[in-house]
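S.K.: Got a structure here, written out as structure tokens. Questions coming.
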């Protein structure tokens with residue numbers, strides 16, 4: 001999804017000068033950039049959870065403290081990633097415009 005948004009954003013005007021764009025292509029490029037930004041947040045959450053679950057596989061069940069700490073890190077990564085994604089989403093005014 002992120003690659004598709006990045007490619008479509010580049011083809012509609014992301015990275016070009018504003019004087020070279022029409023208002024319609026400028027708006028479309030901003031929409032693709034906005035979607036790409038949020039999908040980046042989701043991708044980073046997935047990557048961190050994947051690493052955390054891989055680490056859990058190598059921690060023996062008898063070491064409950066280390067497993068607990070790993071679970072806390074995974075859940076913290078999910079919460080902080082969602083907070084960051086929501087902040088990035090709602091920084092645009094007005095949100096329904098995008």
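The values are calculated or read from the model by the stated rules, or taken from the named source; none is laboratory data. As the structure is a prediction and not an experimental result, all values here were calculated from the model. When we count neighbours, we look across all protein chains shown, and the Cβ atoms used for this are built from the backbone with ideal geometry, even at glycine.
S.K.: What number of residues within segment 19-43 satisfy the criterion of being under 23 Å from the mean Cα position of the chain (by Cα) and outside any helix (DSSP H, G or I)?
M.R.: Of the residues in that region, 0 qualify.
S.K.: Filter segment 19-29 down to the residues that are farther than 27 Å from residue 44 by Cα and free of Cβ contacts under 8 Å to residues at least 12 places away in the same chain, then identify the one that is surrounded by the fewest Cβ atoms within 10 Å (Cβ to Cβ).
M.R.: 19
S.K.: Now, a different point. Taking segment 72-98 on its own, how many of its residues are at pLDDT 85 or above and in contact with a helix residue (DSSP H, G or I) (Cβ under 8 Å, 6 or more places away or on another chain)?
M.R.: Total satisfying the criteria: 8.
S.K.: Filter segment 45-71 down to the residues that are touching a helix residue (DSSP H, G or I) at 6+ places or on another chain (Cβ under 8 Å) and outside any helix (DSSP H, G or I), then identify the one that is surrounded by the fewest Cβ atoms within 10 Å (Cβ to Cβ).
M.R.: Looking at the filtered set, the residue picked out is 61.
S.K.: Here's a follow-up. Here's a check for you: in segment 1-18, which residue that is part of a helix (DSSP H, G or I) and touching a residue at least 24 places away in the same chain (Cβ under 8 Å) is farthest from residue 90 (Cα to Cα)?
M.R.: That would be 8.
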